[in-house]
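Q: Quick one: the structure is below, and I'll ask about it shortly.
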Amino acid sequence: MNTTVGVVISLLLPLVIMAIVTALVAGRVRNAPSTSAWKSTRDGVQFVVSLRRWQRVLMRVAGIIAIAVGLLLFLSALSGAGETSNLAMGIVGSLFVVVGVFMVWLAHGMARLRLEVTPDAVFAFPLAGAPRETAISDITELTSRRSSNYGGIVAKTAAEQSFSATRIMLGYPQLIDFLRERRPDLVIPDASWPLQTPARDGR
């Protein structure tokens, strides 16, 4: 019985923590500045949609901590080589290092992740590689971004995703206003309205 309770608690605790963190972040975003200060890379850009600085910093710090813990576990395993428990510790330490390095790389890529919006197109900059241009006139549908705890919007062209943004990104309210103005024929999903703005009949 105690084992079952422990398993249930271990499964529910991360969900509760995630819900609390999501609520706190959403509440903070409602009262925080929503305009991105990111400098555009091309002429004619009206505004930029980018991640907040603390998101990149948090990812980088978490990655560095994971690397440090992994190295500590790996070195501890080396000090007692030959024992099964130390072998397992070494494997876990190696995994921590790999995950930590990936998180640091991801934080570096997050600094590049953004949308540059011009009067006629949106340029989406991925974690790596060349930006993707989407003409505003080519957008066929706007759907909510379900993969994010904070919600967001996904623009599709010919049934494929073209670009997306989350509701906690800087410049997101401007993006929604821009899409409403340039493409009034497209419906804004209720779950995609900015945190600073209540949903208004899908428009």
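Q: Relative to a virtual label point 7 Å from the Cα of Gln46 in the Cα→beta-carbon direction, which members of the range 133-156 show backbone nitrogen distances below 15 Å?
A: Counting backbone N atoms under 15 Å from the label point, the list is 134-139.
Q: Once you have a ≥ b ≥ c as the square roots of the Cα gyration tensor eigenvalues for the range 47-111, tell me rounded if a/c is under 1.5, and otherwise prolate or oblate according to whether a/b is larger than b/c.
A: Here the range 47-111 falls in the prolate category.
Q: For the pair Asp120/Leu95, report the inter-label distance in nm, with labels modelled 7 Å from Cα in the Cβ direction.
A: Using points 7 Å along Cα→Cβ, the separation is 5.2 nm.
Q: Now for a different question. By what distance, in whole Å, do the Cα atoms of the range 115-192 stretch along each of the three principal axes, largest value first?
A: Between the extreme Cα coordinates on each principal axis of the range 115-192 lie 30, 28, 24 Å.
Q: Using mean Cβ contacts within 10 Å as the protection proxy, how do 90-101, 112-123 order, highest first?
A: Packing order, densest peptide first, comes out as 112-123, 90-101.
Q: Next up: Please compute the length gained on full extension between Ser79 and Gln161, using 0.36 nm multiplied by the number of residues separating them and subtracting their Cα-Cα distance.
A: In short, 24.5 nm is gained.
Q: Turning to a different aspect of this structure: Starting from the Kirkwood Rh over alpha-carbon pairs, what translational D in µm² s⁻¹ does the range 63-183 have by Stokes-Einstein at 20 °C and 1.002 mPa s?
A: 125
Q: Still on this structure, I have one more. Rounded to the nearest 0.05, what FRET efficiency do Glu181 and Val69 have when you use their Cβ-Cβ distance and R0 = 41 Å? Walk me through the intermediate numbers first.
A: Details: r = 49 Å, r/R0 = 1.19.
The calculated FRET efficiency here is 0.25.
Q: Defining a contact as two alpha carbons under 8 Å apart and six or more residues distant in sequence, what relative contact order in percent does the range 47-111 show?
A: Dividing the mean separation by the residue count of the range 47-111 yields 46 percent.
No value in this document is a laboratory result; all are computed from the given coordinates. Note that this is a predicted model, so its numbers are computed, not measured. Positions of Cβ are generated from backbone atoms using ideal geometry, with glycine treated the same way; all protein chains shown enter the neighbour counts.
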